[in-house]
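See below for the structure under consideration.
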Amino acid sequence: MIKDSAVARGSVRLAQRLRSLVSGERTGVESDAPASVSRRNMLTLMGGGAVGAFVTGPAMAQSAYEAAMSSGSGAEWADKFDAPMPSLQSVKSNRPTFSPQSAAYTEQAIQAYTAIVQKGGWPTLPTNMNRLKVGSRGPNVVTLRQRLLVTGDLVQNSGRQDTFDSYVDAAVRRFQIRNGLQPDGVVGGSTLKALNVPADVRLQQLQVNLVRLKAMSGDLGQRYVMVNIPGAEIEAVENGLVASRHLAVVGKIDRQSPILTSKISQINFNPYWHVPVSIIRKDLIPKMQADPNYLTRNKIHIYDGKGRELQATDIDWNTNDAVNYQFRQEPGLDNSMGSVKINFANPYSVYMHDTPSKSLFGQDARFHSSGCVRVQNVRQLIGWLLKTNPEWPEQKIDQVIRDGTRVDAQVKPPVPLYFTYVTAWATPEGVVNFRSDIYMRDGLGTVTITDGDVPPDQTASAAAPTTQQSASAAPAYSQAPAQTAPTQVTTTETFGGTQPSAGFQGNSSSFAGYKPSPAYGDGGAGQAY
């Protein structure tokens with residue numbers, strides 16, 4: 001139920017206007033509105049994806065595409081390649097992705113997608129077609145236009161129907177942003193897969209995530225950091241507005257980032273990296289077998305249980321003998337932690353940190369870590385975290401990073417931190433967002449990522465969570481049976497604490513995440529020296 005009366009009144013007016021668009025009828029809500037819908041008004045109303053495209057109501061004989069086409073004047077637009085892109089603006093906002101009202105807006109989206117499903121959904125594109133981009137022509141462009149029109153990403157009758165012009169380019173980019181993809185305007189790979197996910201699956205995805213969003217409806221704090229794992233995205237929020245957004249790299253399929261609630265308490269500048277046992281076993285031993293100079297080149301030292309340094313030649317790399325020793329990488333540009341590590345208490349030995357592998361932030365599927373969260377533009381985030389500590393002005397932060405000094409800074413007061421798992425939600429602007437269910441927790445079998453981007457670790461132990469097939473083997477869209485979650489202790493996220501729970505299954509009332517072994521982390525929290 002929508003508690004905010006203003007939101008409720010706005011929702012009623014919006015629903016009435018949208019119902020008139022679908023049915024072709026006029027409402028008495030805005031008697032001075034023209035009979036036809038202008039291009040700007042259509043962008044405003046339909047700019048939020050399906051929420052702006054349809055409202056709930058009885059199924060009609062018209063298809064979703066026909067209903068959208070009949071909603072306005074039907075005027076033809078000139079075939080131009082320099083059309084503006086105002087529809088992209090409403091996708092981006094300084095409001096947080098998740099808020100106490102997120103569940104209410106998502107309920108509206110569910111109504112909208114229910115109507116789309118009742119009308120037969122949307123058309124799909126051939127999975128073997130050539131990539132489509134500005135200048136492409138042909139029947140596949142016609143289908144693409146129909147697909148984008150149904151969800152409100154494209155303005156009706158804009159440009160020639162068989163031409164991929166700037167109107168389609170803007171619509172594709174808008175769709176890509178809503179789906180957490182790189183907005184390059186090209187249809188192929190991840191974008192094609194996301195376009196072809198059926199409407200009824202998207203509806204189920206919204207319904208599953210509504211449960212999670214309702215668990216997030218409490219007070220998250222005046223200042224907090226939100227990490228959405230499926231989106232590999234981070235927001236720093238202050239006074240109800242986003243102070244900064246960051247792309248992230250999160251856990252691989254078999255080394256999943258956990259759901260958790262904690263508080264960021266400390267920043268480690270130029271940290272050491274203590275290699276966890278899982279990485280020693282899965283990565284370090286194979287690398288040393290292939291290249292005996294790997295440890296030396298990466299400035300990784302070996303210590304026994306008494307703190308005595310060993311040589312690489314003291315270890316038999318053809319066995320698992322190496323897991324009995326401690327491996328520590330020195331601070332520096334090539335350190336796996338980068339220049340900064342963000343500490344917070346948690347039982348999973350995970351944390352947030354910088355990375356020398358910054359090229360990974362340019363990928364659609366950013367699932368490459370061993371459970372920790374790598375932060376794009378981490379300098380901006382730590383500046384925001386430390387701005388309440390007068391001992392750490394911006395100039396001092398820059399100086400410490402530049403000098404390579406090994407030092408810690410306290411976050412005062414500690415900032416609440418939330419690791420969440422949400423793959424579908426709607427925003428106050430009416431934008432409906434979807435993300436890949438990379439860990440298969442929705443129970444819908446929908447993973448829409450680029451082929452080959454995130455192959456599971458083939459050397460993973462049998463106890464590690466795995467998918468039934470690698471991402472590289474996934475078809476353009478496959479509604480596979482829900483995977484059975486591994487038998488592990490989990491935590492139910494209440495955003496005020498955690499409690500034991502079974503793993504999230506379908507429309508369960510719990511908001512749960514897997515608890516990976518502490519060895520899955522990129523290194524033990526609190527182990528920086």
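We did not get these values from a lab; they are worked out from the coordinates using the rules stated. These figures come from a predicted structure and were not determined experimentally. Because the Cβ atoms are built from the backbone with ideal geometry, glycine has one as well, and the counts that use them run over all protein chains shown.
Give the residues of region 264-287 whose amide nitrogen is closer than 19 Å to a point set 7 Å from the Cα of Trp384 in the direction of its Cβ.
Residues 264-268 fall inside that zone.
Net charge within 13 Å of Lys287 by Cβ-Cβ distance, Lys/Arg positive one each and Asp/Glu negative one each, not counting Lys287 itself?
So the environment of Lys287 carries a net charge of +1.
Please give the contour-minus-distance gain from Gln311 to Asp398: 0.36 nm per residue of separation, less the Cα-Cα distance, rounded to one decimal in nm.
Extending this stretch completely gives an extra 27.8 nm.
Given Lys341/Lys412; Lys263/Lys412; Lys299/Lys396; Lys252/Lys282, which pairs have Cα atoms separated by over 18 Å?
Values: Lys341/Lys412 16 Å; Lys263/Lys412 11 Å; Lys299/Lys396 27 Å; Lys252/Lys282 13 Å.
Pairs exceeding the cut-off: Lys299/Lys396.
Pro126: net charge of surrounding residues, Cβ under 14 Å, Lys/Arg +1, Asp/Glu -1, itself excluded?
So the surrounding residues net to +3.
Quick one: which of 386-393, 310-317 comes out on top by average Cβ neighbours within 10 Å, and what's the full order, highest first?
Packing order, densest peptide first, comes out as 386-393, 310-317.
Near Ile300, within a Cβ-to-Cβ distance under 13 Å, what is the net charge of the other residues, with Lys and Arg +1 and Asp and Glu -1?
That works out to -1.
Round to the nearest 0.05 the FRET efficiency obtained for Asp408 and Asp219 when R0 = 35 Å and r is the Cβ-Cβ distance.
Approximately 0.75, to the nearest 0.05.
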